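A quick write-up on the structure given underneath.
Values in this text are rule-based calculations from the coordinates and carry no lab data. All values derive from a computational prediction rather than experimental measurement. All Cβ positions, glycine included, derive from the backbone under ideal geometry; neighbour counts span all protein chains shown.
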Amino acid sequence: MFMGIIKNTGRIRCLRSRIAVGAGLTALLCSCVCSYAAEPAEYKDIPEDWSRESIIRAIDAGIITGDTDGYIKPDSTVTRAELSAMLVRLFGVSGSGAAEFSDVSAEDWYYSYVCAAAENGFMTGSGGMFRPNDAVTRQEAVTAAARAFFIPPSQGTLSGFADAGTAADWARGYFAALIERGAVTGSGDMLYPEEPITKKEAAAVMLRCSELPDLPVRESDGSVWSPVY
């Protein structure tokens, strides 16, 4: 269990639904009913483990969707294209539709998501490629979440984790930052930074980050506001 249990604080912020009030303030409206006991009837494989609540909340918020057969597949690994879609759905942002990646074309289902994720700084490619079908590692997911929520890397150490040395230099500060804030807990004394992240783990990270206090709010038009509770 990589991300641990998410507690319901009653403050889930569905960032896709907002109205502007006053002089530049933003009121966040929860477009989904904040009742997490009910299982979405259309899905057949809602887990019964630690991730159940976060999966239901992620479905309600529109962050994740199932397939046409009614399966969420919470234990499936997340591809880079799928992670870009999850982040873009969460924030409701858009892009210009001009992705500069040789392995992403306008015919791909994830094209607009990749464009938006790249333009908003959530994810980057390398060597002119995005690698949309590659599995997302835990360190990539943590880094993308931190960037999306404007959480700067921390100078803290990862000395409590036996495999901290396997984390990439670019990911260590983001791991430290999310661990310090309780958004990532690891599994015992392990982070498994190079292992693929599952759908339920990715959803857990996003929801935990969305409930952190005093973070800026990214609007769909690109503007940024301080959160209003």
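Quick notes on this structure:
- Using the Cβ-Cβ distance between Ala168 and Ser76 with R0 set to 22 Å, the FRET efficiency works out to roughly 0.40.
- Spatially proximal aspartates and glutamates relative to Lys199 (Cα-Cα < 16 Å; intrachain offsets below 8 disregarded): Asp45, Glu48, Asp49, Glu53, Asp60, Asp67, Asp75, Glu82, Asp134, Glu140
- Ordering 124-132, 191-199 by mean Cβ neighbour count within 10 Å, with the highest value first, yields 191-199, 124-132.
- For Thr79, distant residues with modelled amide H under 5 Å away: Val136
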